[in-house]
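Working notes, beginning with the structure itself.
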Amino acid sequence: MHEGTSRREFLRRGAGGGLLIATGGLVAACGGDDGGSAATGEAAGRIRYLKGPNWAEDLDWQRKTARAFTADNPRIQVEPNLYDWASVETQLTTAFASNSPPDIVYMADTLWPKFADANALLDLTEYVNDPAYADQKAAYPDEAWEDVTYDGKIYGIPLIQGVISVVYVNTDLIDDAAGAVASYDAMREAARQARKGNVFGYAMATTHNDFSYQEWMNYVVNAGAGILGEDGRSPGFDTPENAQAFDLLRGMHFEDESAPPPGAYNREALKSLFQAGRVAIYHSDANEKIINGSAEGKPVKFGYEIHKLPPGPAGQYVFTVRGNVHVAAKSESPDAAWEYVKHLTSANVATEFIRAQGGDLQPARTDIADTVYPDGEEFDWSRRLVTEFIPDSRAVQPHPRMVEMIKAVQTEFERCIRGEQGGAEMVAAANAAIGELAA
Amino acid sequence: MSVAAAEDTDLRRARRVHRRRQNLAGLAFMAPNLLFFAVFLLLPVAWVARQSFMSGGVLGPAEWVGLDNWSEALGDADLRRALRHTVLFTAMTVPAVLGVALALALLLRGLRRGGPIVRAVVYLPSLAPVVLAGLLWIFVVNPDVGLLNAAVRGVGAEPINWLGDPQLALPSIALLEVWRGTGFWALFLLAALLAVSRELYAAAAIDGASRWNAFRFVTVPGIGPTLLVAVVLTTLVSMQVFDSVFVLTNGGPAGATDTAVLYIYRSVFESGNPGYGAVLSLVLMAFIVALTLVIVRVARRGTA
């Protein structure tokens, strides 16, 4: 790659750097924590940071942040890079199998335990429990730390949380949106009533390629079940409540045919159906601007409301995915990596990151929950997510074979919504498959 | 020793030296290729064979487990299903790709004008990267706006759930491979067709051979060796199908498109068990070699 810098590029970078310095000064003046402060101790080294893109300009933002950090910490150079979400597991497996993996890696909650179990991640327990870090540690809820703990050791620092399961109710098709999502029975009936011609009453992704688990896991947590039981080691999928939840999904897909035929539309196509006014209740992630078309400059012309999935027997939760930063066990500069991890997850930098992304991510830290999104209509939905949805969040438990477990459940789920088996058979078969993987 | 015997001994020695020099020269010429063959094929196969008796080895150290991986493979119903899907996929794609390709090649041979343009158009799908072709295919099979379902609706039938129906998902992926592969093989077979002497067709016509008989007794034997190569290569490629399945269904719906290589990939990258993946690779390799030998033997018997 050409590393030279043209005069124009130099000026542009200089202007960018000036802007960053000015922003840093402004943040410091406002009394925020010192996200860009100099590292303590003798930490030094060249750090490679690998993450998946959260938005189109993510890499540019990471590079700017890294340059600003190095300006304050000249002994630590940071080189950010991106992996591709579609093949993340392959890329990270290859990276960690090498002798020089990236020092810092951003991973979702389904993936990191596999690398922790293989001793590829650095145990951060001592760093996190260091009294000097106590204030920062206290800024996170206990669940956030539990979600990065495996085998009693802390392997990551939580950065963001994303709500990946909400329902969009088209109010041109269903008058009483709140009533339609008051209970599972009400939702099923509303979907059945709305199914007319080429309009579907309910839609959710139904294939593994489309991360269908994001939707069906919400039914699982509402049923009080989980991929694993409370011990985090044995299966926890086979419960009567969970069987009922999958009977509901089977009913909407197979018996009522309120939902599109399983696998007929991928997530992108389902979104297009919703935008075309052909889905009454669309179950998908919380990226409202993408779902309603405004991100592409073509906002939908009908009214809609966004709600949590109706309550299940155990409660009304939202299913979320956590994004954490981890340090590689083979890092040659773990202290320098830790300094940059602290910087990335600090209140100011996390706020900047989430704001730069545009409003679809929520912070893992609770101390910035009220301030992460500025006042104004633009971020109304984002603030609502943070204040109303995140407190009721549930995520997957950490397990090294969680991706395989989800895939095993997905296969049984697909058979269930095609009418090949009932909810009870489905959860029993899935539970057995989880058990084999957990053994 | 007589003079004649001494001359005979000298002559034999000279022949031996000459033969040795010839062999050495031959080996020297082959050395670069042999080295390449050993480093990039024999050693990896040997490494895979060794790995099949190990556990771990990707993220942590490998551990000797003896025949555990092999005995697990013997009782693995998912592996048998993946192999069955692979054979089915091959049985669908090879005849379809080569049948359509041969028909196209015959048409192209008879083309009087615009041949280069038509050949370029026929070849175009082969240039599409698999991921791009897969994404295009998702549009082609879309229930509302897809070309295939438009045709289905055109004859008054209900749209078909091509990739979502477990019975149709594998044939749908095979259809994509037929679309992608036909152009290449059409040109490959066209080259062979053009090499068949026109005098043979003229002789067949004088003997009163019909078009079908000319095709059967002149064309097929004329392109026989090329056709055999095409059958073997398309079989090899089909047996190793991965990318199009990965992009389109990732083994779904409900495991209906799990194939052997996808299963190997999962063993290595998802289950973190390259030893088991190595067993599956060796099983697949043995399977492919056996199938290729059968194809070659059947083809030779046919031409004999």
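Odds and ends about this structure:
- Check on A:A95, more than 30 Å from B:S244 (Cβ to Cβ) and either surrounded by 21 or more Cβ atoms within 10 Å (Cβ to Cβ) or within 13 Å of chain B (Cβ to nearest Cβ) (or both): no
- When the range B:92-139 is limited to residues that are touching a residue at least 24 places away in the same chain (Cβ under 8 Å) and of a type in the set (V, I, T), the one that is surrounded by the fewest Cβ atoms within 10 Å (Cβ to Cβ) turns out to be B:V131.
- Among the criteria (1) touching a residue at least 24 places away in the same chain (Cβ under 8 Å); (2) closer than 19 Å to A:V221 by Cα; (3) within 14 Å of another protein chain (Cβ to nearest Cβ), the one A:G419 does not fulfil is (2).
- Tabulated pairs, the range A:141-159, first under 18 Å from A:E126 (Cβ atoms) and without any contact (Cβ under 8 Å) to a residue 40 or more places away in the chain, second part of a helix (DSSP H, G or I) and not hydroxyl-bearing (S, T, Y), C-beta under 7 angstrom, 6+ apart or interchain: A:I154/A:V128; A:I154/A:W145
- Checked against the criterion of being within 29 Å of B:G134 (Cα to Cα) and out of contact with any Asp or Glu (no Cβ under 6 Å at 6 or more places or on another chain), the candidates A:E288, A:E241, A:E255, A:E230 yield just one match: A:E288.
- All positions within the range B:124-156 that are assigned to a helix (DSSP H, G or I), within 14 Å of another protein chain (Cβ to nearest Cβ) and not aromatic (F, W, Y): B:V130, B:V131, B:L132, B:G134, B:L135, B:L136, B:I138, B:V140, B:L148, B:N149, B:V152, B:R153
- Qualifying position, being surrounded by 21 or more Cβ atoms within 10 Å (Cβ to Cβ) and among the hydroxyl-bearing types (S, T, Y), among A:Y133, A:Y106: A:Y106
- Apart from one condition, A:A264 fits all of (1) closer than 20 Å to A:G422 by Cβ; (2) in a loop (DSSP other than H, G, I, E, B); the exception is (1).
- Residues in the range A:71-89 that are part of a helix (DSSP H, G or I) and either hydrophobic (A, V, I, L, M, F, W, C) or loosely packed, with under 14 Cβ neighbours inside 10 Å (or both): A:A71, A:W85, A:A86, A:S87, A:V88.
- Residues in the range B:147-186 that are touching a Phe, Trp or Tyr at 6+ places or on another chain (Cβ under 6 Å) and within 30 Å of A:G197 (Cβ to Cβ) were compared, and the one that is surrounded by the most Cβ atoms within 10 Å (Cβ to Cβ) is B:S172.
- Of the residues contained in the range B:262-276, none is found to be under 14 Å from the mean Cα position of the chain (by Cα) and crowded, with 16+ Cβ neighbours inside 10 Å.
- Candidate set from the range B:205-261 (those that are within 14 Å of chain A (Cβ to nearest Cβ) and in a helix (DSSP H, G or I)); member that is farthest from A:S87 (Cα to Cα): B:V261
- Screening B:R300 against (1) away from chain A (no Cβ under 13 Å); (2) modelled with pLDDT of 90 or more; (3) part of a helix (DSSP H, G or I) leaves a single unmet condition, (2).
- Yes/no for B:V294 being under 21 Å from B:T86 (Cβ atoms), within 14 Å of chain A (Cβ to nearest Cβ) and either under 21 Å from the mean Cα position of the chain (by Cα) or at pLDDT 90 or above (or both): no
- Matching residues, the range B:97-117, being of a type in the set (K, R) and either modelled with pLDDT under 90 or over 16 Å from B:A192 (Cβ atoms) (or both): B:R112, B:R113
- Residue within the range A:179-188 that is among the charged types (D, E, K, R) and in a helix (DSSP H, G or I) present: yes
- Contact annotation: residue pairs with Cβ atoms under 9 Å, 6 or more positions apart or on different chains, pairing a residue in the range A:372-401 that is within 14 Å of chain B (Cβ to nearest Cβ) with a partner that is at pLDDT 90 or above and assigned to a strand (DSSP E or B), are A:H399/A:Y150; A:H399/A:L228; A:P400/A:Y150.
- Across the range A:243-293, the number of residues qualifying as within 21 Å of the chain's Cα centre (by Cα) and away from chain B (no Cβ under 14 Å) comes to 12.
- Residue selected from the range A:216-242 under the condition closer than 16 Å to A:E414 by Cβ and either surrounded by fewer than 24 Cβ atoms within 10 Å (Cβ to Cβ) or in contact with a helix residue (DSSP H, G or I) (Cβ under 7 Å, 6 or more places away or on another chain) (or both), by the criterion nearest to the other protein chains (Cβ to nearest Cβ): A:W216
- Apart from one condition, A:M217 fits all of (1) part of a helix (DSSP H, G or I); (2) more than 30 Å from A:V327 (Cβ to Cβ); (3) at pLDDT 95 or above; the exception is (2).
- Qualifying residue in the range B:71-78 (condition: modelled with pLDDT of 95 or more and buried (at least 16 other Cβ atoms within 10 Å of the Cβ)): no
- Pair list, Cβ < 6 Å and 6+ apart or interchain, from the range A:104-118 residues that are within 11 Å of chain B (Cβ to nearest Cβ) to residues that are in a strand (DSSP E or B): A:F115/A:L121; A:A116/A:Y150
- Residue match in the range A:354-373 (condition: acidic (D, E), surrounded by fewer than 18 Cβ atoms within 10 Å (Cβ to Cβ) and assigned to a strand (DSSP E or B)): no
- Filter result for A:A408 (within 14 Å of another protein chain (Cβ to nearest Cβ), free of Cβ contacts under 8 Å to residues at least 60 places away in the same chain and among the hydrophobic types (A, V, I, L, M, F, W, C)): yes
- The range A:312-323 residues that are surrounded by fewer than 20 Cβ atoms within 10 Å (Cβ to Cβ), paired with ones that are among the hydrophobic types (A, V, I, L, M, F, W, C) (beta carbon under 9 Å, 6 or more apart): A:P313/A:A223; A:P313/A:A245; A:A314/A:V221; A:A314/A:A223; A:A314/A:A225; A:G315/A:V221; A:Q316/A:L309
- Only residues that are hydrophobic (A, V, I, L, M, F, W, C) and more than 14 Å from chain A (Cβ to nearest Cβ) were counted in the range B:160-183, giving 5.
- Residue identified as farther than 13 Å from A:F413 by Cα, surrounded by 19 or more Cβ atoms within 10 Å (Cβ to Cβ) and at pLDDT 95 or above among A:L249, A:L270: A:L270
- Failed condition for A:R46, given (1) surrounded by fewer than 18 Cβ atoms within 10 Å (Cβ to Cβ); (2) in a helix (DSSP H, G or I): (2)
- Residue under evaluation B:F287, criteria (1) modelled with pLDDT under 90; (2) out of contact with any His (no Cβ under 6 Å at 6 or more places or on another chain); (3) within 13 Å of another protein chain (Cβ to nearest Cβ), criterion not met: (3)
The values are calculated or read from the model by the stated rules, or taken from the named source; none is laboratory data. All values derive from a computational prediction rather than experimental measurement. Glycine also receives a Cβ, built like all others from the backbone with ideal geometry; neighbour counts cover every protein chain displayed.
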